[in-house]
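Trainee: The following block contains the structure, expressed as structure tokens.
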Amino acid sequence: MAVDEISQVMQKYNDYCLVLVIGNTGCGKSTLLTSLIFGKDSLEIEKIDGKRVIKQKKEFELKDLFSIGHDDVSKTFLPDFYPDRKNKVLYADIAGLQDTRGNLMEFVNKFVTKYLFMKSKRIKFIVAIT
Ligand SMILES: Nc1nc2c(ncn2[C@@H]2O[C@H](COP(=O)(O)OP(=O)(O)OP(=O)(O)O)[C@@H](O)[C@H]2O)c(=O)[nH]1
Ligand SMILES: [Mg+2]
């Protein structure tokens, strides 16, 4: 998702309820949203570099879902969106707090998240605590 596409998405789905997860980087926001949308069967456990990590199953990766991290570097940057047209819900996978990639990323993340809140008529958010 490019920066200029964010405003287009927010405009297109302006009557949808925005659903997002707020929490520190790496707390499982992308994983939780994937599970909320497609159910826990969309996920599997895989060993990467000797560590057990949760991943999207191959068939769900094809749907261009939210990226799940598997190392110590923050994964999500600019938000990825998934519109649930039946229920008029727009899921947004946003960057985490305390981004490991530095202050500039942290600043952009805060700016983008504030923008989403300002542009939404209705919001439901989950606070994830680790
Ligand atoms: N044990 C366990 N690991 C989890 C759980 N949820 C996510 N993880 C793992 O935590 C790591 C980070 O998950 P993400 O979903 O990418 O976390 P995030 O909050 O989106 O991270 P950023 O996008 O970097 O801010 C991945 O390796 C997941 O497999 C959980 O409920 N239990
Ligand atoms: Mg993420």
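Each reported figure results from applying straightforward, stated rules to the coordinates on display, with no laboratory input. Fair warning: this is a prediction, and the values are worked out from it, not measured in the lab. Backbone-built Cβ (ideal geometry, glycine too); neighbour counts: all protein chains shown.
Trainee: Please go through the range 96-107 and pick out each residue that is part of a loop (DSSP other than H, G, I, E, B) and either touching a strand residue (DSSP E or B) at 6+ places or on another chain (Cβ under 9 Å) or closer than 17 Å to MET10 by Cα (or both). Don't jump to the end; show me each part of the working.
Mentor: If we filter the range 96-107 for residues that are part of a loop (DSSP other than H, G, I, E, B), which is where we start, we get 96, 98-102.
The answer is GLY96, GLN98.
Trainee: From the list TYR91, TYR16, which one is surrounded by 12 or more Cβ atoms within 10 Å (Cβ to Cβ), more than 15 Å from ligand 2 (Cβ to nearest atom) and touching a residue at least 24 places away in the same chain (Cβ under 8 Å)? Spell out the reasoning first.
Mentor: Numbers: TYR91 fails: more than 15 Å from ligand 2 (Cβ to nearest atom).
From the options TYR91, TYR16, the qualifying one is TYR16.
Trainee: While we're on this one: For VAL108, only one of the following conditions fails: (1) in contact with a Phe, Trp or Tyr (Cβ under 7 Å, 6 or more places away or on another chain); (2) surrounded by 15 or more Cβ atoms within 10 Å (Cβ to Cβ); (3) more than 14 Å from LYS29 (Cβ to Cβ). What is its number?
Mentor: Condition not satisfied by VAL108: (1).
Trainee: Scanning the range 62-88 for residues that are over 13 Å from LEU18 (Cβ atoms) and more than 14 Å from the chain's Cα centre (by Cα), which turns out surrounded by the most Cβ atoms within 10 Å (Cβ to Cβ)?
Mentor: This residue is HIS70.
Trainee: I'm checking my understanding of the structure. Among residues of the range 19-44 that are away from ligand 2 (no atom under 16 Å from the Cβ) and more than 19 Å from ASN87 (Cα to Cα), which one is surrounded by the most Cβ atoms within 10 Å (Cβ to Cβ)? Step through it out loud before you land on a result.
Mentor: Initially, the range 19-44 is screened for residues away from ligand 2 (no atom under 16 Å from the Cβ), giving 39-41, 44.
Now narrow it down to the ones that are more than 19 Å from ASN87 (Cα to Cα): 40-41, 44.
On the way: LYS40: 11, ASP41: 9, GLU44: 13.
By that ranking, first place goes to GLU44.
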